[in-house]
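Engineer: Pasting a structure below so you can have a look.
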Amino acid sequence: AFVDTPLLQTVEQEDNMGKFFKFKDDFKRSMDKFGILQPELIAEGMMRLITDCSLNGAVMKITCSKGIHFHTYEPMSA
């Protein structure tokens with residue numbers, strides 16, 4: 001997903017996109033497909049990672065369809 005920030009609004013501006021401007025329609029299709037997250041949701045996820053010790057080593061995923069969720073992996077043996 002994408003995050004709703006001022007940078008996201010520059011997709012239509014060739015001066016900001018430079019050589020990637022030709023992909024603006026692809027970016028827009030991806031935004032429609034995967035959605036746009038609010039920055040507050042990202043901050044909430046980061047705070048959970050920082051404050052919840054049980055999430056040490058977990059991978060945080062944030063999607064429009066599932067919200068904030070975590071995946072943990074078994075430690076690799078030495």
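The values are calculated or read from the model by the stated rules, or taken from the named source; none is laboratory data. Worth saying up front: this structure is predicted, and the values here are computed from it rather than measured. Here the Cβ is made from the backbone with ideal geometry for all residues, glycine too, and neighbour counts use every protein chain on show.
Engineer: So, in region 1-25, exactly how many residues are assigned to a helix (DSSP H, G or I), surrounded by 11 or more Cβ atoms within 10 Å (Cβ to Cβ) and out of contact with any Ser or Thr (no Cβ under 6 Å at 6 or more places or on another chain)?
Structural biologist: Adding up the residues that qualify gives 10.
Engineer: Looking only at region 5-28, which residues are of a type outside the set (Phe, Trp, Tyr) and under 16 Å from the mean Cα position of the chain (by Cα)?
Structural biologist: Passing the criteria: Thr5, Pro6, Leu7, Leu8, Gln9, Lys28.
Engineer: Right, another one. Every residue in region 50-66 that is free of Cβ contacts under 8 Å to residues at least 12 places away in the same chain and either touching a Gly at 6+ places or on another chain (Cβ under 6 Å) or of a type outside the set (Lys, Arg) (or both), please.
Structural biologist: If the condition is that a residue be free of Cβ contacts under 8 Å to residues at least 12 places away in the same chain and either touching a Gly at 6+ places or on another chain (Cβ under 6 Å) or of a type outside the set (Lys, Arg) (or both), then Ile50, Thr51, Asp52, Cys53, Ser54, Asn56 are the ones that fit.
Engineer: Go through (1) small (Gly, Ala, Ser); (2) surrounded by 13 or more Cβ atoms within 10 Å (Cβ to Cβ); (3) at pLDDT below 95 and name the single condition Ser30 misses.
Structural biologist: The number of the failed condition is (3).
Engineer: Output the residues belonging to region 53-78 that are surrounded by 12 or more Cβ atoms within 10 Å (Cβ to Cβ) and of a type in the set (Phe, Trp, Tyr).
Structural biologist: Once the filter is applied, which keeps residues that are surrounded by 12 or more Cβ atoms within 10 Å (Cβ to Cβ) and of a type in the set (Phe, Trp, Tyr), region 53-78 yields only Phe70.
Engineer: What pairs can you find where one residue is in region 23-47 and charged (D, E, K, R), the other is outside any strand (DSSP E or B) and surrounded by 13 or more Cβ atoms within 10 Å (Cβ to Cβ), and their Cβ atoms are less than 6 Å apart, with a gap of 6+ or different chains?
Structural biologist: That search, which allows pairs on different chains as well, returns Lys24/Val11.
Engineer: Taking interchain pairs and intrachain pairs at least six residues apart, which have beta carbon atoms under 8 angstrom, with the first residue in region 67-78 and in a loop (DSSP other than H, G, I, E, B) and at pLDDT 80 or above and the second surrounded by 11 or more Cβ atoms within 10 Å (Cβ to Cβ) and of a type in the set (D, E, K, R)?
Structural biologist: Pairs that qualify, where the first residue is in a loop (DSSP other than H, G, I, E, B) and at pLDDT 80 or above and the partner is surrounded by 11 or more Cβ atoms within 10 Å (Cβ to Cβ) and of a type in the set (D, E, K, R): there are none.
Engineer: So Ile50 fits all but one of (1) surrounded by 11 or more Cβ atoms within 10 Å (Cβ to Cβ); (2) part of a helix (DSSP H, G or I); (3) of a type in the set (Val, Ile, Thr); what number is the exception?
Structural biologist: (1) is the only condition that Ile50 fails.
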